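Accompanying notes for the structure given below.
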């Protein structure tokens, strides 16, 4: 019987972080190009990589703008797999999307390693996605 190697969770986490960071940079460049193409170079210069500047606790990754000047809160979810691949969202991301539904957008990047494609899910995540509980926080007694 072959020996099954244990999953290297540290390596998996590093790969996931690397993919997520690459997706966020892709989305930042997309946002800049979208605003510049819309004649809003001034707004493009004000885009903030929130997850880098403020940390992962804001409930979104990028603060951008619509061409009208309204804020656009962008949460980026990246996969190397297809468009229908499920993704994880945090409780904070869900609550931020509910509270800021008029400004919130999930950018779903898929097929990222081969040929990146993007679609958006505007508004509250609970409206655009079917949510299923996926994890629990366990604190030893």
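The values are calculated or read from the model by the stated rules, or taken from the named source; none is laboratory data. This structure is a prediction, so every number in the text was calculated from the model and none was measured. In this analysis, Cβ positions are derived from the backbone assuming ideal geometry, glycine residues included, and neighbour counts consider all displayed protein chains.
What to note about this one:
- Taken as a whole, the condition of being under 22 Å from residue 15 (Cα atoms), free of Cβ contacts under 8 Å to residues at least 40 places away in the same chain and touching a strand residue (DSSP E or B) at 6+ places or on another chain (Cβ under 8 Å) applies to residue 85.
- Condition met for residue 23 (surrounded by 15 or more Cβ atoms within 10 Å (Cβ to Cβ), at pLDDT 95 or above, in contact with a strand residue (DSSP E or B) (Cβ under 8 Å, 6 or more places away or on another chain) and assigned to a loop (DSSP other than H, G, I, E, B)): no
- Taking segment 30-45 as the range and being surrounded by 13 or more Cβ atoms within 10 Å (Cβ to Cβ) and under 21 Å from the mean Cα position of the chain (by Cα) as the test, the residues that pass are 30, 31, 32, 34, 35, 43, 44.
- Number of the exception - residue 43 against (1) more than 13 Å from residue 31 (Cα to Cα); (2) in contact with a strand residue (DSSP E or B) (Cβ under 6 Å, 6 or more places away or on another chain); (3) assigned to a helix (DSSP H, G or I): (1)
- Residues that are buried (at least 22 other Cβ atoms within 10 Å of the Cβ) and in a loop (DSSP other than H, G, I, E, B), drawn from segment 60-114: 60, 61
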